[in-house]
1. Filter region 303-316 down to the residues that are under 27 Å from the mean Cα position of the chain (by Cα) and in contact (Cβ under 8 Å) with a residue 12 or more places away in the chain and list them by number.
2. Quick one: which of 99, 68, 82 is over 20 Å from residue 166 (Cα atoms) and not in a loop (DSSP other than H, G, I, E, B)?
3. Within the set of pairs 6+ apart or on separate chains, which have a first residue in region 241-260 that is without any contact (Cβ under 8 Å) to a residue 60 or more places away in the chain, a second that is loosely packed, with under 15 Cβ neighbours inside 10 Å, and C-beta atoms under 7 Å apart?
4. Evaluate the following for residue 339: is it touching a residue at least 40 places away in the same chain (Cβ under 8 Å), part of a strand (DSSP E or B) and more than 30 Å from residue 211 (Cβ to Cβ)?
5. Taking residue 104 as meeting all but one of (1) over 15 Å from the mean Cα position of the chain (by Cα); (2) outside the structural domain of residue 34 (by TED's automatic domain parsing); (3) surrounded by fewer than 19 Cβ atoms within 10 Å (Cβ to Cβ), write down the number of the exception.
6. Part of a strand (DSSP E or B) and touching a helix residue (DSSP H, G or I) at 6+ places or on another chain (Cβ under 8 Å): does that describe residue 173?
7. Would region 40-49 turn up any residue that is modelled with pLDDT of 85 or more, in a helix (DSSP H, G or I), surrounded by 16 or more Cβ atoms within 10 Å (Cβ to Cβ) and not assigned by TED's automatic domain parsing to the domain that holds residue 223?
8. In region 33-85, what residues are more than 20 Å from residue 273 (Cβ to Cβ) and touching a residue at least 60 places away in the same chain (Cβ under 8 Å)?
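The values are calculated or read from the model by the stated rules, or taken from the named source; none is laboratory data. No experiment lies behind these values; they were computed from the predicted model shown. Glycine gets a Cβ as well: all are built from the backbone with ideal geometry, and neighbour counts include every protein chain shown.
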């Protein structure tokens, strides 16, 4: 048996030497790519161009994955993952990307920021959404990442309210799958007498908790991160949150995928001072106000019958009681001729109309036709 193992080890030696040689070559090529990226970053800075170019990055990934052949070694998903991390690392080498998000570390917003910008970005956790917007507005961050809508809990009203007060532009949209885990400082489920988390996280696991943890005390906290802090200080307490919490708070995951809805996702906006160029698969977000009289909203939307509306929300106008602002998302980039004509017609029917930006639609985004005829003419 020992002889067989020795022979196997001897056969591994040349293969491992080959891998070492390839690793050396890969390192040289990666460093060469980084140096080219740094030179590119200098040119971007010289001509006041944004360092992050999401469209170009996606094109690079697409071109590479098209070259992957079945049986070559790595799967298409693996190649995409490797080059995603390489691109993010090279982007960080060009210039540190500063990202403001709703903190603290380990929250879903933090997980979304990591997904979008990679681990090498400089993350700025903020106490509330207003602080996220202010940090980017004042130039202390290059990007603001804010939650926009949850597929089960609905729209984040405060985000919409703050967007009307900000000059930041929506540059990208991303969806984060809600994966809720039960974590503790020790991993022993028998010791758990209480579970702490944000009320929404607890609500999204209502069925799992009733079935698996009956009688356990539920402790609402201001954030999932606050729940993690509570779990660290009390071994009888666990926390429900995104698995990112385990990394940043040294917790042990005891159970995963607790959410009642397997399709639960949260949509985030990436906002900055720059507009995103057209991709051919874009969405545009607009807010407007309409006169407070019968049929005004219907009249505003009627000229948009030729474009596909994908979202329509209303929010109270904070500056005028009992009046409302409307948030409209439609297919196309605001630079597209068809969209420009539609927005011009919309603006002519409204008191105020403001384009908040255009962004590439996530691949999983579904287009929904808004039946204008179903809108109440009294709105």
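1. Initially, region 303-316 is screened for residues under 27 Å from the mean Cα position of the chain (by Cα), giving 307-316.
Passing the criteria: 307, 308, 309, 310, 311, 312, 313, 314, 315.
2. Working: 99 fails: over 20 Å from residue 166 (Cα atoms); 68 fails: not in a loop (DSSP other than H, G, I, E, B).
Going through 99, 68, 82 in turn, just one is over 20 Å from residue 166 (Cα atoms) and not in a loop (DSSP other than H, G, I, E, B): 82.
3. Close Cβ pairs (under 7 Å, with a partner that is loosely packed, with under 15 Cβ neighbours inside 10 Å) amount to 260/206; 260/207.
4. Values: touching a residue at least 40 places away in the same chain (Cβ under 8 Å): yes; part of a strand (DSSP E or B): no; more than 30 Å from residue 211 (Cβ to Cβ): yes.
Criteria not met by residue 339.
5. All conditions are met except number (3).
6. On the way: part of a strand (DSSP E or B): yes; touching a helix residue (DSSP H, G or I) at 6+ places or on another chain (Cβ under 8 Å): no.
In short, no.
7. Quick first cut of region 40-49, residues modelled with pLDDT of 85 or more only: 40, 43.
Going one step further and asking which of them are in a helix (DSSP H, G or I), we end up with 40, 43.
Those still in the list that are surrounded by 16 or more Cβ atoms within 10 Å (Cβ to Cβ) too: 40.
With the extra rule that they be not assigned by TED's automatic domain parsing to the domain that holds residue 223, the set shrinks to 40.
Yes, the conditions are met somewhere in region 40-49.
8. The answer is 58, and nothing else.
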